[in-house]
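A short write-up of the structure that comes next.
The values are calculated or read from the model by the stated rules, or taken from the named source; none is laboratory data. All of these numbers come straight from a predicted model, not from anything done at the bench. Don't worry about glycine lacking a Cβ; one is built from the backbone with ideal geometry, like all the others, and counts go over all protein chains shown.
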Amino acid sequence: MIDIYNRIKFIRLSIRNINKDNNNFDWDVFKFLCSVSNSEINRKLFREMNNYCFDRLETIGEGGSRRVYIYNTLKVLKVAINEFGMEQNSVEASISRESSLCCKIYEVGKDNLWLLSELVRPLRDENEFEEITGIEFDLYRDNVISGRSKDVFTNKVILFSKKHNLNIYDLVELRNLGVGSDRRLVLLDVGYSKFSEY
């Protein structure tokens, strides 16, 4: 098995042969870089994975545990920058399989080092929320916080949050809501919301 240092040396040689102006992201090179044993997961690996992506893909977000890159017009690549990012990827991948309220997950990397998910744009404002759901945003927020509602969408959010022990206050912030390409409302960062409860 090739150790991490030889793998990084290989990646660096590959990178030198790529013209940085053409944003040439090679999926096989990225996966090879990430194909390490558990004992090889360390800060250097996180840095190398993210440097590879940063040099080739547009960064659209960064938190304390992951960096998000636009992979193509329909997908984003969420790459862990530390162990917490791996846990967040794991939780998000697990939860998203159960509900249309979450981003679609297309692929998850070994040890949850990365995941490829649906590109979701942020919700513009309360008016767009109402256009999509037919519910006034203030009523939605009050009902989610109280845990009671008569409308189907809000009940779906309440049941989903209870099932996964999500922080309800994260679910009633506009910044945590997005819109999928099919115009459905999506909860953003559910992996973080659940992980932050620990």
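Quick rundown of the values:
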read-out: Candidate set from the range 113-137 (those that are closer than 26 Å to I41 by Cα and without any contact (Cβ under 8 Å) to a residue 60 or more places away in the chain); member that is surrounded by the fewest Cβ atoms within 10 Å (Cβ to Cβ); value: L116
read-out: Positions within the range 36-48 being surrounded by 14 or more Cβ atoms within 10 Å (Cβ to Cβ) and at pLDDT below 90, in sequence order; value: V36, E40, I41, L45
read-out: Top-ranked residue in the range 170-197 [being of a type in the set (K, R) and out of contact with any helix residue (DSSP H, G or I) (no Cβ under 7 Å at 6 or more places or on another chain); ranked as modelled with the lowest pLDDT]; value: R175
read-out: Residue ID - farthest from E107 (Cα to Cα), chosen from residues in the range 49-74 that are touching a Leu at 6+ places or on another chain (Cβ under 9 Å), crowded, with 17+ Cβ neighbours inside 10 Å and in contact (Cβ under 8 Å) with a residue 40 or more places away in the chain; value: Y52
read-out: Those residues of the range 102-112 which are surrounded by 20 or more Cβ atoms within 10 Å (Cβ to Cβ) and in contact (Cβ under 8 Å) with a residue 40 or more places away in the chain, in sequence order; value: C102, C103, G109
read-out: Residue in the range 164-191 that is farthest from T133 (Cα to Cα), counting only those that are outside any helix (DSSP H, G or I) and of a type in the set (V, I, T); value: I168
read-out: Flag for V79 being under 17 Å from R184 (Cβ atoms), crowded, with 20+ Cβ neighbours inside 10 Å and either outside the structural domain of S181 (by TED's automatic domain parsing) or within 11 Å of the chain's Cα centre (by Cα) (or both); value: no
read-out: Any hit, the range 16-31, residues being modelled with pLDDT of 90 or more, touching a strand residue (DSSP E or B) at 6+ places or on another chain (Cβ under 7 Å) and assigned by TED's automatic domain parsing to the domain that holds E83; value: no
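Listed here are the residues, each with its yes/no results for (1) in the same structural domain as E126 (by TED's automatic domain parsing); (2) within 19 Å of the chain's Cα centre (by Cα); (3) of a type outside the set (D, E, K, R).
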| position | (1), (2), (3) |
| --- | --- |
| N143 | yes, no, yes |
| S149 | yes, no, yes |
| V152 | yes, no, yes |
| L159 | yes, no, yes |
| K162 | yes, no, no |
| N165 | yes, yes, yes |
| E173 | yes, yes, no |
| N176 | yes, yes, yes |
| S181 | yes, yes, yes |
